[in-house]
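This report concerns only the one structure given below.
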Amino acid sequence: MRLIILGPPGAGKGTQAAKLVERHDIVQLSTGDMLRAAVAAETPVGLEARDLMARGELVPDEVVVAIISDRIEENDARNGFILDGFPRTVAQANALDTILAQKRMELDAVVELKVNESILLDRVNHRVSQSNGNARPDDNPEALKKRLGVYREQTAPLIAFYDGKGLLRSVDGMAPVEEVTRQIEGALNA
Ligand code: AP5
């Protein structure tokens with residue numbers, strides 16, 4: 001199964017992707033996690049991404065497209081994957097279409113987590129409170145505001161993009177975690 005999970009910062013993409021990995025024996029490919037690992041390792045990509053991420057801005061399309069293109073070739077992605085945080089722009093979505101066509105792969109569905117923006121700061125604050133003093137540099141009100149603006153302008157257009165392809169499955173991301181998971185499974189089985 002090959003999926004995308006889409007939603008604003010703090011919507012629960014990572015939380016739900018982890019559940020889908022367990023249930024479907026697929027891998028979670030989170031560009032945010034990969035970029036944070038690159039920042040920690042101070043690789044050239046990490047050095048380029050560090051300040052952009054801390055400010056809540058996007059890393060250039062070509063950087064993340066190259067990362068994903070390589071990653072989905074790896075052995076552990078053979079059975080399928082869930083893309084968490086990618087694509088984030090229409091240019092990335094078009095690049096993904098090209099990559100998948102070249103590799104003779106198809107997407108099964110794009111899951112959209114629908115949430116009210118008003119709860120996202122609470123969710124991010126909750127994550128900070130559980131981080132044992134190791135909070136993400138972009139988990140603060142100023143960077144979250146920027147991330148939300150970027151989501152509205154650059155990522156939200158992907159909802160219509162994938163709806164037009166008949167792939168979109170929207171679920172209520174405001175429900176408790178287990179209920180959101182149930183709704184996703186229902187949408188995937190429909
Ligand atoms: P990324 O790491 O992708 O962050 P994000 O999209 O801002 O999303 P988050 O990780 O904050 O939230 P989430 O939706 O995964 O929610 P979570 O499950 O953690 O990207 C970070 C940065 O990297 C970007 O800003 C950009 O700079 C760069 N980047 C990444 N990909 C890129 C790309 N493709 N192109 C360019 N740049 C890119 O949940 C949040 C909290 O809520 C947790 O505490 C959780 O326990 C709680 N929670 C989850 N679900 C529920 C629920 N149903 N009810 C109550 N609480 C819940």
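At most 15 other C-beta atoms within 10 Å and a DSSP loop state: those are the exposed trypsin sites (Lys or Arg not before Pro) I care about. Give me the longest piece of the chain that has none.
In short, 1-77.
ASP172 to SER131: extension gain in nm, 0.36 nm per residue of separation minus the Cα-Cα distance?
Roughly 12.2 nm would be gained on extension.
Give the calculated FRET efficiency between ALA190 and GLU106 to the nearest 0.05, with a Förster radius of 22 Å applied to their Cβ-Cβ distance.
Taking R0 as 22 Å, the efficiency between ALA190 and GLU106 is 0.80.
Which value does Rg/Rh take for the chain over its C-alpha atoms, Rh per Kirkwood?
Rg divided by Rh gives 0.93.
Ignoring ligands, DNA and RNA, please state the percent of accessible area on the chain from carbon and sulfur, probe 1.4 Å. Before the final figure, lay out each step's value.
On the way: 4710 of 9790 Å².
The C+S portion of the solvent-accessible surface of the chain is 48 percent.
So what are segment 116-190's ellipsoid semi-axes, whole angstrom, largest first, if each one is the square root of 5 times an eigenvalue of the alpha-carbon gyration tensor? Write down the numbers at each step before the final one.
Details: eigenvalues 144, 69, 17 Å².
Those come to 27, 19, 9 Å.
Using a probe radius of 1.4 Å on heavy atoms only, what accessible surface per residue do you get for the chain? Whole Å² is fine. Could you put the intermediate results ahead of the total?
On the way: 9790 Å² over 190 residues.
I get 52 Å² per residue for this part.
The values are calculated or read from the model by the stated rules, or taken from the named source; none is laboratory data. Because the structure is predicted, anything quoted here is derived from the model rather than measured. Please note: Cβ atoms are built from the backbone with ideal geometry, for glycine as well, and neighbour counts cover all protein chains shown. Protein only, heavy atoms only, side chains kept; ligands, DNA and RNA dropped before computing areas. Shrake-Rupley method; radii C 1.70, N 1.55, O 1.52, S 1.80 Å.
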